[in-house]
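Reviewing the structure listed below.
The values are calculated or read from the model by the stated rules, or taken from the named source; none is laboratory data. Computed from a predicted model, the values in this text were never measured in an experiment. With ideal geometry, Cβ positions are generated from the backbone for all residues, glycine too; neighbour counts draw on all protein chains shown.
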Amino acid sequence: MFALICELLSAWAIPLVLLLIPLAGYLRRVRVYEAFVEGAAEGFQTAVRIMPFLVAMLVAVGVFRASGALDDCVALLKPLLSVFGVPPELVPLALLRPLSGTGALGMTTELLASEGPDSLTGRMASTILGSTDTTFYILTVYFGAAGIRNPRYAVVVGLAGDITGFFMSIYICRLLFSP
């Protein structure tokens, strides 16, 4: 019965939100369509403003991978991370995730295809993908669009969160899914 309720809720959640938000605006006498169009115009302007930063970041990630620097970093870190019980297949994901969400998703997809989604490595990769963020992407695109030139401690805090998410994902997956 609980599974049926969850299935119904998940099937109707988005349609209900899409209905309730405009209805709430209408009841508050907000000109819903005009507000939507104004927000869409602002969103388009923001997209145009961040485009150069986005292109620069994507080119940098492409150069990092194509130059072999990613492979060199992986080779350098594998012995160290194996001491902490990190499967070697996850090292490229750990290095790429702070740079590119799309690249990390591609690596996770490759891992899931080769190792299997229910394998320990597959579960670790999926948990890492959900527990970490694209720190450099966020700093480049959003700080650049906002005109922030000095990120101060944002890089250190973001990477600390990524490192913590990475190692805790491995620890928790080992705790929950190891035989």
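When Thr132, Thr140 are screened for being under 27 Å from Val55 (Cβ atoms), touching a Lys or Arg at 6+ places or on another chain (Cβ under 9 Å), polar (S, T, N, Q) and surrounded by 14 or more Cβ atoms within 10 Å (Cβ to Cβ), only Thr132 passes. Checking every residue in segment 147-165 against the condition of being of a type outside the set (Ser, Thr, Tyr), surrounded by fewer than 17 Cβ atoms within 10 Å (Cβ to Cβ), at pLDDT below 90 and under 15 Å from the mean Cα position of the chain (by Cα) gives zero matches.
Checking each residue in segment 92-126 for being basic (Lys, Arg) and either over 12 Å from the mean Cα position of the chain (by Cα) or surrounded by fewer than 20 Cβ atoms within 10 Å (Cβ to Cβ) (or both) picks out only Arg123. Within segment 79-102, residues that are assigned to a helix (DSSP H, G or I) reach partners that are at pLDDT below 85 and surrounded by fewer than 13 Cβ atoms within 10 Å (Cβ to Cβ) with beta carbons closer than 7 Å, at six or more positions or on different chains, in the pairs Pro88/Ser82. How many residues are modelled with pLDDT under 85 and β-branched (Val, Ile, Thr) when one looks only at segment 97-116? Summing the residues that are modelled with pLDDT under 85 and β-branched (Val, Ile, Thr) in segment 97-116 gives 1. Candidates Ala3, Ala24, Ala35, Ala60: the one that is under 30 Å from Gly103 (Cβ atoms), of a type in the set (A, V, I, L, M) and part of a helix (DSSP H, G or I) is Ala60.
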